[in-house]
1. Only one of A:ALA46, A:ALA110, A:ALA55 is closer than 22 Å to A:VAL7 by Cβ, modelled with pLDDT of 95 or more and assigned to a loop (DSSP other than H, G, I, E, B); which?
2. If I filter region A:22-50 down to residues being over 11 Å from the mean Cα position of the chain (by Cα) and at the interface with another protein chain (Cβ under 9 Å from one of its Cβ atoms), which single residue comes out as surrounded by the fewest Cβ atoms within 10 Å (Cβ to Cβ)?
3. Is it the case, given these coordinates, that B:ALA17 is within 9 Å of another protein chain (Cβ to nearest Cβ), open to solvent by 20 Å² or more (accessible area, probe 1.4 Å) and small (Gly, Ala, Ser)?
4. Examine region B:24-41 for a residue that is over 30 Å from B:PRO89 (Cβ atoms), away from every other protein chain (no Cβ under 14 Å), open to solvent by 70 Å² or more (accessible area, probe 1.4 Å) and touching a residue at least 12 places away in the same chain (Cβ under 8 Å), and state whether such a residue exists.
5. For region A:100-115: of the residues being within 16 Å of ligand 1 (Cβ to nearest atom) and more than 8 Å from the chain's Cα centre (by Cα), which is farthest from the other protein chains (Cβ to nearest Cβ)?
6. Show me the helices (runs of 4 or more DSSP H) entirely contained within region B:46-127 in which 2 or more residues are closer than 19 Å to B:ALA191 by Cα, open to solvent by 10 Å² or more (accessible area, probe 1.4 Å) and free of Cβ contacts under 8 Å to residues at least 12 places away in the same chain.
7. Does B:ALA219 qualify as being in a helix (DSSP H, G or I) and surrounded by fewer than 16 Cβ atoms within 10 Å (Cβ to Cβ)?
8. Kindly provide the set of residues from region A:51-72 that are open to solvent by less than 10 Å² (accessible area, probe 1.4 Å) and either within 8 Å of chain B (Cβ to nearest Cβ) or not hydrophobic (A, V, I, L, M, F, W, C) (or both), ordered by number.
Amino acid sequence: MKISMKVNGETVSAEVESRTLLVAFIREQLRLTGTHVGCDTGQCGACTIHMNGLAVKSCNVLAVQAEGADILTIEGLAGDEGRLHPMQEAFREHHGLQCGFCTPGMVMSAIDLVNNHPNPSEETIRAELDGNLCRCTGYHNIVKAVKAGAAYMRTPAP
Amino acid sequence: MHPFNYRNPKSVAEAAAALAEGGDVRLLAGGQSLIAAMKLRLSAPTDLIDLGGIGELTGIRVDGAGITVGAMTRHAEVARSKEVQAKIPALASLAGSIGDRMVRNMGTIGGSLAHNDPVADYPAAVLGLNATVHTNKRNIAADDFFTGMFETALQTGEIIVSVSFPVPRRAAYVKFRNPASRYAIVGVMAAASASGVRVAVTGAASCVFRVGAMEQALAAKWSPDALAGISVPADQLNSDMHASAEYRAHLITVMARRAVEAAK
Ligand SMILES: Cc1cc2nc3c(=O)[nH]c(=O)nc-3n(C[C@H](O)[C@H](O)[C@H](O)COP(=O)(O)OP(=O)(O)OC[C@H]3O[C@@H](n4cnc5c(N)ncnc54)[C@H](O)[C@@H]3O)c2cc1C
Ligand code: FES
Ligand code: FES
């Protein structure tokens, strides 16, 4: 089947099987390997991307369901000359990662969280990140990073 | 996942026609349960009919009778809806408690009800709030809709179009989550409305059910203390590594008391 959609601002068209998962299309056909596959069962959130502005688990969506959609992956976040998105910057600054495997999903999920809760409490962050699992950090620095990222997102970059 | 033919109709009539062609045809809503089942090959349809492009299945409408939610309305939309928050806050908070934010951005009320997972949340809302499920063929009362584990009154070729919820006088949903999966070990919707009191329990047995003795006690007096001494017999309840049947029976009364308290 032929599908087309916008990925990180660019229109892409491709031939896929109806059963191709969106995450497989993104990683294997578009070669955007920043989106990770942790569990392939919709549990861990490593594959989180934005579809039409909303965070979804791309291992639990068919590529054909994204026909005509606007897709944003971790590769599409940084601005001109590689300037990090405020949430990425906050993860770097607060060391919100160890091995980094969960990080792309955490960042995409955290941005969706802040879009819905512009000034989240620590409690809100912990509750609303429950779809993203991290096997390394114990979450403390991730929570700190999301709190800082939310603050950076509220104040426009200089 | 086995290969299948993918179709994306633009109307309920077109989807119904595709279903009527027969074969192993399945409807796809948010895919949050079905895609996992297809990966495991528990489900291997030859044809998949995506309801995602059908505008008439989405949206939330308020009318004199209550709130009508389109089958393809995502959990996150119900949770965020100002109308639902104002008229039936228990429904908005139940929708906002389903899974995680990514699941809520995809999962739909129609898919959740058709799936009728014994630990799902929406069945407790539909049964506890005495909602009506509208399909392309008929209207089904909540009491007739849920027929067993993963089973409903839906017949072959039937598509859920919307669900209408009458506005209760007071209602609350409280659940005790499995600490790992976050699904309900026990969830209770307690509601009082013009048509009477309802107490609906999910997570505890093979299918959502009402507790008549609690309903009668609460109709006489809406107070957590009215439930003192009332419990559901454990022999009909699930027992697994997460909770014994006796523990679930205990939790039902505790969650029901909390729901009544919260719905004051
Ligand atoms: C990680 C995770 C956590 C979750 N946690 C929870 C939770 O805490 N509580 C909870 O309640 N649920 C939970 N879910 C399930 C989630 O709510 C699903 O979205 C829901 O059960 C199915 O809805 P869907 O729209 O995704 O349907 P799909 O998966 O697309 O379809 C499910 C079934 O319904 C049928 N169907 C779909 N739409 C219709 C229709 N309009 N008419 C007739 N049949 C139809 C399909 O053919 C299929 O058989 C979770 C899921 C995941 C992946
Ligand atoms: S890989 Fe998609 S949720 Fe784990
Ligand atoms: S940093 Fe290793 S899984 Fe989160």
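1. Values: A:ALA110 fails: assigned to a loop (DSSP other than H, G, I, E, B); A:ALA55 fails: assigned to a loop (DSSP other than H, G, I, E, B).
It is A:ALA46.
2. Selected residue: A:THR41.
3. Working: within 9 Å of another protein chain (Cβ to nearest Cβ): no; open to solvent by 20 Å² or more (accessible area, probe 1.4 Å): yes; small (Gly, Ala, Ser): yes.
So B:ALA17 fails the test.
4. There is at least one residue in region B:24-41 that is over 30 Å from B:PRO89 (Cβ atoms), away from every other protein chain (no Cβ under 14 Å), open to solvent by 70 Å² or more (accessible area, probe 1.4 Å) and touching a residue at least 12 places away in the same chain (Cβ under 8 Å).
5. A:CYS102
6. On the way: elements: B:75-80, B:82-87, B:89-96, B:101-106, B:109-115.
Result: B:82-87.
7. Working: in a helix (DSSP H, G or I): yes; surrounded by fewer than 16 Cβ atoms within 10 Å (Cβ to Cβ): yes.
So B:ALA219 passes the test.
8. In the first step, residues of region A:51-72 are kept if they are open to solvent by less than 10 Å² (accessible area, probe 1.4 Å); the result is A:55-64, A:66, A:69, A:71.
Correct list: A:ALA55, A:VAL56, A:LYS57, A:SER58, A:ASN60, A:VAL61, A:LEU62, A:VAL64.
The values are calculated or read from the model by the stated rules, or taken from the named source; none is laboratory data. Note that the coordinates shown come from a computational prediction; the quantities given were computed from them, not determined experimentally. Using ideal geometry, Cβ is built from the backbone for each residue, glycine included, and neighbour counts are taken over all protein chains shown. Calculation scope for accessible area: heavy atoms of the full protein, side chains included, ligands and nucleic acids excluded. Shrake-Rupley method; radii C 1.70, N 1.55, O 1.52, S 1.80 Å.
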